[in-house]
Amino acid sequence: MNESEPAIENRGPNSGAYTVTSGKRATRQSGRSKPARPRTKAEELGLYQDAVPTRSWKPGKCWVARDGIFPKCSKCLNTFAPFESSLEAKAHLILSVDTRIRSYVCQPPPLRYWMPNDCGGQDKREYTPDFIALTTDDRLLAIDAKAARFANDPKWTSREPHIRRAYRSDHDVELIVWTEHELCAEPRLSNAQTMYRHRFAPLDPTLDITVFEKLGELRRASRIGELCDVMSTNFNVDASDTFGATMRLALEGLIHLDNTSRYSLETEIRLTEMAE
């Protein structure tokens, strides 16, 4: 156990006293302790607020440019969000802007699974995915960002079916492997980068509300450029500010953007069912 993590030790069935330890110090609490709340399935997989990534990382450990800390958003529940490859960084980006994702953590606790050995027995193994994510329809996903050459390597392909089976049967979790073919696909990557750049709140807190209301008044699918013209004519709002507002509203799940091409003034937009 990490010395910085508190633990509770039962001191006896009739004593009603518990010792809470944090590091090397211990304090005694008198009285009857309340029963601990059962952990949810997501929490058992490491998906909870202020989760600490399981792999060791310290500031200054980055030896190459592809390693670092991702500037996480509210969806990422970790205390900090490290990545150990450029593909992991792109996966952070995709998860941060995907409106189907409610929350996620990186480098969660390892999965323990069994794998056949050459002697006809079973060996206990461990596997740590890059991410555990919860979707808006309450599905749990284990996600691994892996270069295609590693995803096709026999060392991985021999383990993957057993890992996938263990996640499905023990935790009702779907394993997803993202290679550079998925993570670098266009226009998905460019659109994710565009949305992420506009995630910060505007200087005028009423801007997003006004853009949302004006789109609702149109009562039909529109283009970002058309909405920019309305905001410019009625409120003297610059097109770049209106464009940024549409990106933030899309991040909140209030606006649907046509993602079949790169986002531009020609992109079709409409209110989502949640916003109507």
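Checked against (1) touching a strand residue (DSSP E or B) at 6+ places or on another chain (Cβ under 7 Å); (2) under 23 Å from Lys75 (Cα atoms); (3) in a loop (DSSP other than H, G, I, E, B), Glu266 passes all but condition (2). Give me the residue from the range 167-203 that is of a type in the set (Val, Ile, Thr) and in contact with a strand residue (DSSP E or B) (Cβ under 7 Å, 6 or more places away or on another chain) and, out of that set, farthest from Glu44 (Cα to Cα). Step by step, filter the range 167-203, then rank; the result is Val177.
Hey, any hits in the range 235-256 for a residue that's part of a strand (DSSP E or B) and of a type in the set (A, V, I, L, M)? Scanning the range 235-256, I find at least one residue that is part of a strand (DSSP E or B) and of a type in the set (A, V, I, L, M), so the answer is yes. Say we look at the range 213-228 and pick out the residues that are closer than 27 Å to Thr136 by Cα and touching a residue at least 40 places away in the same chain (Cβ under 8 Å); which of these is surrounded by the fewest Cβ atoms within 10 Å (Cβ to Cβ)? Selected residue: Arg220.
Considering (1) of a type outside the set (Gly, Ala, Ser); (2) closer than 30 Å to Met247 by Cα; (3) loosely packed, with under 15 Cβ neighbours inside 10 Å; (4) at pLDDT 90 or above, the lone condition that Pro110 does not fulfil carries the number (2). Residues in the range 108-120 that are part of a strand (DSSP E or B) and either in contact with a Gly (Cβ under 8 Å, 6 or more places away or on another chain) or aromatic (Phe, Trp, Tyr) (or both): Tyr113, Trp114. For the range 25-79, which residues satisfy the criterion of being modelled with pLDDT of 90 or more and of a type in the set (Phe, Trp, Tyr)? Hits for the range 25-79 are Tyr48, Phe70. In the range 78-107, of all residues being part of a strand (DSSP E or B), free of Cβ contacts under 8 Å to residues at least 40 places away in the same chain and under 9 Å from the mean Cα position of the chain (by Cα), the one that is surrounded by the fewest Cβ atoms within 10 Å (Cβ to Cβ) corresponds to Arg102.
Part of a strand (DSSP E or B), at pLDDT 95 or above and among the aromatic types (Phe, Trp, Tyr), is that true of Tyr167?
no
When you look at Arg248, is it touching an Asp or Glu at 6+ places or on another chain (Cβ under 7 Å), buried (at least 18 other Cβ atoms within 10 Å of the Cβ) and of a type in the set (Lys, Arg), yes or no?
On the way: touching an Asp or Glu at 6+ places or on another chain (Cβ under 7 Å): yes; buried (at least 18 other Cβ atoms within 10 Å of the Cβ): yes; of a type in the set (Lys, Arg): yes.
Yes, satisfied.
Take the conditions in contact with a Phe, Trp or Tyr (Cβ under 9 Å, 6 or more places away or on another chain), at pLDDT below 90 and aliphatic (A, V, I, L, M) and apply them to Ile94. Does it pass?
On the way: in contact with a Phe, Trp or Tyr (Cβ under 9 Å, 6 or more places away or on another chain): yes; at pLDDT below 90: no; aliphatic (A, V, I, L, M): yes.
Spelling it out, it is not the case that Ile94 is in contact with a Phe, Trp or Tyr (Cβ under 9 Å, 6 or more places away or on another chain), at pLDDT below 90 and aliphatic (A, V, I, L, M).
The set of residues in the range 121-164 being in contact with a strand residue (DSSP E or B) (Cβ under 6 Å, 6 or more places away or on another chain) and in a helix (DSSP H, G or I) consists of Ala151, His162, Ile163, Arg164.
Identify all residues within the range 229-245 that are among the β-branched types (Val, Ile, Thr) and loosely packed, with under 14 Cβ neighbours inside 10 Å; write none if there are none. Full working, then the answer.
Filtering the range 229-245 down to residues among the β-branched types (Val, Ile, Thr) leaves 230, 233, 237, 242.
The one that is among the β-branched types (Val, Ile, Thr) and loosely packed, with under 14 Cβ neighbours inside 10 Å: Thr233.
Suppose the filter is of a type outside the set (Lys, Arg), modelled with pLDDT of 95 or more, part of a helix (DSSP H, G or I) and surrounded by fewer than 21 Cβ atoms within 10 Å (Cβ to Cβ); does Thr210 pass it? For Thr210, the condition - of a type outside the set (Lys, Arg), modelled with pLDDT of 95 or more, part of a helix (DSSP H, G or I) and surrounded by fewer than 21 Cβ atoms within 10 Å (Cβ to Cβ) - is met. Does Ser74 count as of a type in the set (S, T, N, Q) and either surrounded by fewer than 18 Cβ atoms within 10 Å (Cβ to Cβ) or in the same structural domain as Leu257 (by TED's automatic domain parsing) (or both)? So Ser74 passes the test.
Looking at Thr99, is it modelled with pLDDT of 55 or more, out of contact with any Lys or Arg (no Cβ under 8 Å at 6 or more places or on another chain) and on the phi < 0 side of the Ramachandran plot? Yes.
The values are calculated or read from the model by the stated rules, or taken from the named source; none is laboratory data. Keep in mind the model is a prediction, meaning the values are calculated, not measured. Note that we place each Cβ from the backbone using ideal geometry, even for glycine, and neighbour counts take in every protein chain shown.
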